[in-house]
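K.L.:
First the structure, then my questions, so here it is.
The values are calculated or read from the model by the stated rules, or taken from the named source; none is laboratory data. Quick caveat, the model's predicted, so the values are computed rather than measured. Cβ placement follows ideal geometry from the backbone for every residue including glycine, while neighbour counts extend to all protein chains displayed. Calculation scope for accessible area: heavy atoms of the full protein, side chains included, ligands and nucleic acids excluded. Shrake-Rupley method; radii C 1.70, N 1.55, O 1.52, S 1.80 Å.
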Amino acid sequence: MPPKELLMSKLEEVLYSGYIAQGVYVDEFEREFSRFNGSKNNLSVNSGSSALHIALILAGVKPGDEVISTAITAEPTNTVISQTGAKIVWADIDLNTGNLCPDSVESKITERTKAIMVVDYAGVPVNVARFLEIEFKYNIPIIQDSAHALGAKYMGKNLGNHFSYTTFSFQAIKHMTTIDGGMICVRDDEEYERAKLLRWFGIKKGISRLENDINIQGYKYHMNNVNAAIGLCQLESLNHIIDSYVNNGQFYDRELQNTGGVQQLSYYENTVPSYWLYTLRVENREEFIKMMGSNGIMASELHKRNDLHTLFADSKTNLPNVDIFSRDWVHIPCGYWVKEEDREKIVDLIKKGW
Ligand SMILES: *Cc1c(COP(=O)(O)O)cnc(C)c1O
């Protein structure tokens with residue numbers, strides 16, 4: 001949370017302003033977010049999941065369609081696909097990054113593929129260059145779930161400036177939190193206007209209810225002024241917060257090089273991760289986690305490979321690289337709360353072995 005003096009006065013201001021629903025604070029939050037992120041057409045919503053759902057609808061995904069996706073992610077990436085009635089088609093990952101492998105994705109494209117969902121897992125940008133090629137070659141929209149990757153860059157620009165749709169989450173544990181909230185960046189101007197309708201029951205804001213005629217199915221997905229006010233305070237120190245993740249991540253990148261039993265991730269050309277998590281592949285993972293735990297450091301697998309969930313049983317397929325990656329992966333603490341002495345201790349422990 002932002003400093004108390006800053007946040008409490010802002011919250012008091014909005015709570016007693018007489019307007020706590022979606023209003024001027026939300027507009028200002030979107031403007032300030034756009035200044036931070038450099039992206040146009042930023043639409044705030046009440047969660048990252050809502051942002052993903054809007055993206056899927058804009059992409060035209062309907063029951064029976066196929067959406068290519070990854071098993072290496074948090075569940076909402078994929079529960080939202082099944083929410084549309086579409087079938088998830090798993091593609092395999094690139095073993096060096098944990099992110100979707102463009103060649104594997106290409107091999108899974110069929111006539112029914114309506115969208116491709118890519119995830120910048122742990123804050124590591126996907127292979128943007130190759131996925132942009134795929135987006136244009138096949139004319140299939142790419143939805144980039146950047147819930148882990150706020151502030152990560154491709155070619156010097158923050159994510160949110162490249163694909164048809166990019167979404168962020170401001171849930172409690174993300175780089176930035178509005179308690180709950182999300183953002184969708186929409187490349188096309190007309191689709192952005194449709195996204196606004198989808199966000200609020202299909203009703204056009206700024207025109208009286210009596211003059212409104214709802215002609216598309218919309219949802220109650222808007223952000224309110226209270227969450228937006230928290231977001232506005234967060235934005236003031238966001239660069240600083242993201243820098244601390246990045247500093248810690250780059251420290252591990254340097255210091256864990258050539259460490260026995262450890263394989264580091266690699267990053268695609270022209271990308272800078274924002275290290276929401278620090279992911280490693282390690283030998284004897286159970287022992288590694290135990291050793292770290294007994295020294296007061298929480299290391300964990302964190303996510304279950306999504307294709308193991310019963311809900312997605314129809315999509316079951318062979319994913320050899322996911323098999324290897326999910327057998328070895330582990331995450332170590334990397335956020336703003338990890339101080340210099342902590343990260344040095346973590347590196348020393350790993351170097352000593354387990
Ligand atoms: C957090 C998260 C989401 C969902 O965001 P909510 O704001 O919790 O709805 C989606 N995808 C990924 C990868 C996430 O980590």
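K.L.:
Where in the stretch 47-136 are the helices (runs of 4 or more DSSP H), entirely inside, with at least 3 residues that are under 22 Å from R327 (Cα atoms) and within 12 Å of the ligand (Cβ to nearest atom)? Lay out the reasoning, then the answer.
P.N.:
Working: elements: 48-58, 76-83, 102-107.
Of the helices (runs of 4 or more DSSP H) lying wholly inside the stretch 47-136, those with at least 3 residues that are under 22 Å from R327 (Cα atoms) and within 12 Å of the ligand (Cβ to nearest atom) span 76-83.
K.L.:
Any residue at all in the stretch 29-43 that's at negative phi, in contact with a Pro (Cβ under 6 Å, 6 or more places away or on another chain) and either within 16 Å of the ligand (Cβ to nearest atom) or part of a loop (DSSP other than H, G, I, E, B) (or both)? Walk me through how you get there before you give the answer.
P.N.:
Just the residues of the stretch 29-43 that are at negative phi, to begin with: 29-37, 39-40, 42-43.
With in contact with a Pro (Cβ under 6 Å, 6 or more places away or on another chain) added as a condition, the list becomes none.
No: the stretch 29-43 contains no residue that is at negative phi, in contact with a Pro (Cβ under 6 Å, 6 or more places away or on another chain) and either within 16 Å of the ligand (Cβ to nearest atom) or part of a loop (DSSP other than H, G, I, E, B) (or both).
K.L.:
Could you pull out the residue among A172, A195 that is touching a helix residue (DSSP H, G or I) at 6+ places or on another chain (Cβ under 8 Å) and either outside any strand (DSSP E or B) or not aromatic (F, W, Y) (or both)? If you could, list the steps in order and put the result at the bottom.
P.N.:
On the way: A172 fails: touching a helix residue (DSSP H, G or I) at 6+ places or on another chain (Cβ under 8 Å).
Step by step, each of A172, A195 is checked, and only A195 is touching a helix residue (DSSP H, G or I) at 6+ places or on another chain (Cβ under 8 Å) and either outside any strand (DSSP E or B) or not aromatic (F, W, Y) (or both).
K.L.:
Please specify each residue of the stretch 175-187 satisfying the condition of being in a loop (DSSP other than H, G, I, E, B) and crowded, with 24+ Cβ neighbours inside 10 Å. Reasoning before the result, please.
P.N.:
So in the stretch 175-187, the residues in a loop (DSSP other than H, G, I, E, B) come out as 175-181, 187.
Within the stretch 175-187, H175, T178, G181 meet the criteria.
K.L.:
Return the pairs, sorted by first residue and then second, in which the second residue is within 7 Å of the ligand (Cβ to nearest atom) and not hydrophobic (A, V, I, L, M, F, W, C), the first residue lies in the stretch 161-174 and is open to solvent by 10 Å² or more (accessible area, probe 1.4 Å), the beta carbons are less than 7 Å apart, and the residues are 6+ apart or on different chains.
P.N.:
S169/S47; S169/G48; S169/G182; Q171/S47; Q171/G48; Q171/D180
K.L.:
Report, by residue number, each residue of the stretch 56-93 that is acidic (D, E) and in contact with a strand residue (DSSP E or B) (Cβ under 7 Å, 6 or more places away or on another chain).
P.N.:
The initial filter retains those residues of the stretch 56-93 that are acidic (D, E), namely 65-66, 75, 92.
Answer for the stretch 56-93, where residues must be acidic (D, E) and in contact with a strand residue (DSSP E or B) (Cβ under 7 Å, 6 or more places away or on another chain): D65, E66.
K.L.:
I'd like to know if the stretch 72-79 contains one or more residues that are in contact with a Gly (Cβ under 8 Å, 6 or more places away or on another chain), at pLDDT 95 or above and open to solvent by less than 20 Å² (accessible area, probe 1.4 Å). Steps first, please.
P.N.:
Start the filter on the stretch 72-79 by keeping residues that are in contact with a Gly (Cβ under 8 Å, 6 or more places away or on another chain), which leaves 72, 76.
Then drop every residue that is not at pLDDT 95 or above, which leaves 72, 76.
Cutting the leftovers down to open to solvent by less than 20 Å² (accessible area, probe 1.4 Å) gives us 72.
For the stretch 72-79, residues in contact with a Gly (Cβ under 8 Å, 6 or more places away or on another chain), at pLDDT 95 or above and open to solvent by less than 20 Å² (accessible area, probe 1.4 Å): present.
K.L.:
Moving on to the next point. Restricting to the stretch 311-320, name every residue that is surrounded by fewer than 19 Cβ atoms within 10 Å (Cβ to Cβ) and within 22 Å of the chain's Cα centre (by Cα).
P.N.:
Of the residues in the stretch 311-320, the ones surrounded by fewer than 19 Cβ atoms within 10 Å (Cβ to Cβ) are 311, 313-314, 316-318, 320.
Selection gives L311 alone.
K.L.:
Could you go through the stretch 275-289 and let me know if any residue there is polar (S, T, N, Q), farther than 30 Å from G156 by Cβ and open to solvent by less than 60 Å² (accessible area, probe 1.4 Å). Steps first, please.
P.N.:
Going through the stretch 275-289, the residues polar (S, T, N, Q) turn out to be 279, 284.
This time we only want the ones that are farther than 30 Å from G156 by Cβ, so: 284.
Of the ones still in play, those that are also open to solvent by less than 60 Å² (accessible area, probe 1.4 Å) are none.
No, the stretch 275-289 has no match at all.
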